[in-house]
Amino acid sequence: MNDQSRPSDLSLMKFGIGQPVPRKEDPKLVRGEGRYSDDVHLDGQAYAAFVRSPYAHGRIQGIEVETAGAMPGVLAVYTGADLAAAGLGPMQAVFEFKNRDGTAMKKPPHPALPSDRVRYVGQPVACVVAETAAAARDAAEAVAIEIEELPAVTDPRQAAAAGAPLLHDELASNVVLDYHFGDAAKVDAAFAAAAHVTRLELSNNRLVVSPLEPRAAVAEYDAASDRHTIHVGSQGAFGMRGAIAAHILGVAKEKVRVLTPNVGGSFGMKAPVYPEYVALLHAAKALGRPVRWTDQRSESFVSDHHGRGHALEAALALDKDGRFLAVRVSGYGDLGAYLSQVMPLPSSVNVAKNLPGVYATPAIDVSLQCVFTNTTPIGAYRGAGRPEGNYIMERLVEAAAAETGIDRVELRRRNHIPADAMPYRAASDNTYDSGEFTPLLERAVAAADWAGFAERRAESRARGRLRGIGIGQYLEVTAPPMNEMGGIRFETDGTVTIITGTLDYGQGHATPFAQVLSERLGIPFERIRLLQGDSDELIAGGGTGGSKSIMASGAAIVKASAEVIERGREIAAHMLEAGVADVEFSRGRFTIAGTDRGIGVMELAQRLAAGETLPEGVPRTLDVRTVFESAPSAFPNGCHVAEVEVDPETGVTAVVRYVMVNDFGTIINPLLVEGQLHGGVVQGIGQALMERTVYDDAGQLVTGSYMDYQLPRAADAPFFAFESRPVPATTNPLGAKGCGEAGCAGSLPAVMNALADALREVGVTHVDMPATPQAVWAAIQAARPGRTPLPNGDLCKRR
């Protein structure tokens with residue numbers, strides 16, 4: 001039999017695992033032909049606008065909606081009372097935690113529209129629906145809210161103190177979780193016996209998440225089927241459907257459909273259900289017509305979840321030979337006014353799990369208080385605690401090297417977990433399955449031309465610049481993959497559809513998933529499509545997050561492919577008039593062992609679609625819908641080396657060289673991996689040197705626009721040198737480790753360690769993130785004899 005669709009060996013080599021295949025979707029997206037949530041337009045749709053609190057904290061005395069409701073084009077105005085009367089539940093955090101004393105963490109309710117108190121500036125209080133967006137916005141301005149203003153607290157340290165304004169009456173204080181992990185007694189003993197202790201105060205600055213596409217949603221309701229549908233950007237349609245059905249509407253999940261088209265970035269922020277979505281779902285049902293809403297960028301600064309936000313004290317104990325004995329971390333994690341979906345995971349568990357990194361540290365002690373403040377809620381942001389843990393450890397290592405006089409490369413080498421110790425049980429209770437940390441470090445410093453740095457520093461000095469070099473050697477604990485769907489469907493037009501519960505919001509899933517399927521089944525790459533954003537098509541799905549997609553969906557595709565092969569062997573055995581045991585499969589073709597008689601998988605699918613007659617008991621289709629059960633976490637790791645130049649007269653810092661060598665296990669598509677690293681590194685540079693979310697004492701957001709909040713631009717990014725030194729994982733069938741968040745994990749310490757190295761020449765030992773020009777300049781001035789900066793940045797003589 002001749003199968004004209006059989007792929008050539010050259011095709012498999014070009015599009016198989018490990019090949020740098022360009023992203024399938026890019027031609028469409030760069031032509032502006034993508035379809036995002038704001039591109040969804042439904043017949044008869046109305047438009048929503050939200051009334052937001054101007055106060056950070058206050059009691060709602062009344063909401064006057066009659067004036068707005070009478071304005072031209074206005075269809076309805078909804079408040080918290082309306083949502084409560086309809087039986088809609090609050091948003092909910094998904095994780096359960098124990099306090100240090102063993103008591104369960106309480107979860108104060110987070111209503112979509114509050115009726116009693118507002119707790120942050122920008123909190124939605126009412127929803128106006130009108131015939132046009134302009135009419136809705138005009139009417140929203142006419143809604144009068146009477147609020148009795150209450151004292152606000154925006155700093156987590158102050159919020160945790162006795163007597164601070166209390167945000168939630170269900171709690172005795174603003175500390176919702178008193179988290180502890182580790183062996184405190186063992187750590188105390190190690191510090192008591194230490195030959196040297198390095199201590200640092202570290203700020204992990206709060207960030208405004210800035211995806212290219214603002215949030216948007218369109219909700220509709222079908223009365224005949226009593227079914228809600230929402231078109232919305234998400235990180236997983238299956239998970240969002242479950243949350244809406246169970247927590248918000250209180251209905252069976254089959255009564256909800258989530259449709260996610262293209263998503264223009266998320267970084268964790270678009271994963272949860274937001275208050276606006278709840279109001280839209282209610283309005284669509286109440287009005288009997290679709291209702292849409294698109295966020296304004298000025299609103300997104302106060303309505304989208306923020307990222308990061310920690311104030312920490314860290315210490316590293318070393319023996320006389322520079323061996324690490326223990327690490328201790330304490331401090332505060334800012335949660336904002338409510339628990340968002342995954343909080344306080346990034347501010348507690350994830351910090352502890354990622355703290356030891358690549359080092360054989362015998363003991364750790366992590367004590368973090370997770371605190372409510374009168375600010376926008378904080379959620380997951382690229383890495384969600386993983387970059388934080390690595391940043392703490394790498395800053396301690398760098399400072400310890402400077403204090404002890406031990407070469408910083410040697411200090412790291414001396415404390416690495418050796419490759420022959422794998423599998424290795426870390427003090428974080430993680431068991432690392434693989435990794436070669438010392439060879440990776442040595443490759444990174446060689447690629448960075450470490451030996452030539454002195455010459456480059458001298459050249460910078462001749463131009464009046466300070467130059468520094470820094471290492472960020474990291475190891476991340478990826479999120480454990482949840483059960484993930486692997487669907488393979490052979491279409492009548494000759495294409496093949498992969499169905500998965502992870503979701504691409506910029507990563508480019510269609511290409512690497514197709515590469516895995518093409519290699520496993522020999523299906524031509526160009527015939528493979530991806531379906532990912534329709535909850536009706538899914539039987540499982542953990543969504544995308546925690547650098548786990550290729551491990552979860554990749555493994556699900558591998559499992560589904562194996563099931564296709566087993567089905568195909570039975571069908572091919574009938575068509576080829578052979579026994580099933582005699583049918584083999586290789587490179588897209590079923591053959592009778594020892595002969596050249598065979599049939600390709602694509603021809604087999606075409607004949608089935610044409611109505612091939614099969615005997616009883618033989619599968620009628622090659623289509624598969626299976627679930628890959630959760631695999632353990634993996635441990636991507638790497639070493640980034642950054643060089644910075646500082647202008648001491650202005651404090652301006654530029655990243656001028658950047659090298660990274662990473663171990664991501666089996667790399668499906670190196671082109672996409674490098675792109676993910678570029679984006680993550682630039683986000684890290686932004687946090688290290690520029691981005692800062694500032695609230696005043698009244699809880700007003702001072703950095704409320706891009707006039708006040710600096711994002712990194714192309715000119716701020718250096719050219720990157722990227723290399724891979726992979727050691728395949730043993731925890732999943734592809735050997736992959738994940739890469740999506742590694743750029744942040746490596747760049748934060750690499751850039752800040754380089755800055756510390758540069759400033760050490762002028763007597764500055766530490767500058768916190770963000771190292772803005774003002775902060776760097778002030779630190780330099782303070783280190784000069786006889787001068788100290790005032791709080792406003794001016795200088796005076798020491799007295």
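Using alpha carbons only, the radius of gyration of the chain set against its Kirkwood radius gives Rg/Rh = 1.00. Comparing Cα centroids, region 559-617 and region 62-129 end up 57 angstrom apart.
Listed by chain and number, the lysines whose C-alpha is less than 26 Å from the C-alpha of Lys14, apart from same-chain residues fewer than 8 away, are Lys24, Lys28, Lys548, Lys559, Lys737. What translational diffusion coefficient, to the nearest whole µm²/s, does region 399-527 have by Stokes-Einstein, given a Kirkwood radius computed over alpha-carbon pairs, a temperature of 25 °C and 0.890 mPa s viscosity? For the chosen part, D equals 123 µm²/s. Normalised by 2.2 N^0.38 Å, with N the number of residues, the alpha-carbon radius of gyration of region 458-528 equals 2.01. Scanning residues 5 or more positions from Gly486 or on other chains, those with amide H under 5 Å from its amide H are Thr626, Val627, Phe628, with H placed 1.01 Å from N in the peptide plane. With K and R counted +1 and D and E -1, the other residues having a Cβ less than 15 Å from that of Gly87 yield a net charge of 0.
Per-residue 3J(HN,Hα) values for region 714-723, derived from phi via the Karplus relation 6.51 cos²θ - 1.76 cosθ + 1.60 with θ = phi - 60°, read 4, 5, 8, 9, x, 6, 9, 9, 10, 9 Hz in sequence order (x marks Gly and Pro).
Charged neighbours of Leu200, selected by a Cβ distance under 9 Å, balance to 0 (K, R count +1; D, E count -1).
Under 5 Å between amide hydrogens, built in the peptide plane, is the criterion, and for Arg529 it picks out Val496, Thr497, Ile498 among residues at least 5 positions away or on other chains.
All other residues whose Cβ lies under 14 angstrom from that of Asp757 are scored, Lys and Arg at +1 and Asp and Glu at -1, for a net of +2. In the frame of its principal axes, region 175-245 has Cα extents of 73, 28, 22 Å, reported largest first.
Stokes-Einstein, applied to the Kirkwood radius of region 68-134 over Cα pairs at a viscosity of 1.306 mPa s and 10 °C, places its translational diffusion at 108 µm² s⁻¹.
Taking each residue as 0.36 nm, the span from Lys28 to Glu170 lengthens on full extension beyond its C-alpha to C-alpha distance by 46.0 nm. Helix content alone sets the calculated 222 nm mean residue ellipticity of the chain: runs of n ≥ 4 DSSP H residues at -39500 (n - 2.57) each, divided across all residues, give -8500 deg cm²/dmol.
On full extension, the segment bounded by Ser115 and Asp319 gains 67.7 nm, given 0.36 nm per residue less the C-alpha separation. In this simple spin-label model, placing a label point 7 Å from the Cα along the Cα-to-Cβ direction at both Arg157 and His41 gives a separation of 5.3 nm.
Across region 303-314, coupling constants 3J(HN,Hα) worked out from phi with the 6.51/-1.76/1.60 Karplus curve, θ = phi - 60°, read 9, 6, 4, 7, x, 6, x, 9, 10, 10, 10, 9 Hz, and Gly and Pro carry x.
Name the lysines eligible as straight-distance cross-link partners of Lys320: C-alpha to C-alpha under 23 Å, and not fewer than 8 places from it in the same chain. Qualifying lysines at Cα under 23 Å: Lys186. Backbone phi angles across region 266-283, fed through the Karplus curve with coefficients 6.51, -1.76 and 1.60 (θ = phi - 60°), yield HN-Hα couplings of 8, 6, x, 5, 8, 5, x, 6, 9, x, 4, 5, 5, 5, 5, 4, 5, 5 Hz in residue order; Gly and Pro are listed as x. Close amide H partners of Arg725, meaning residues 5 or more places away or on another chain with modelled amide H under 5 Å apart, are Asn662, Asp663, Phe664.
Any read-out appearing in this document is the output of simple, stated calculations on the displayed coordinates, not a laboratory observation. For clarity, every value in this text was computed on a predicted model and none was experimentally measured. Note that each Cβ is placed from the backbone with ideal geometry, even for glycine, and that neighbours are counted across all protein chains shown.
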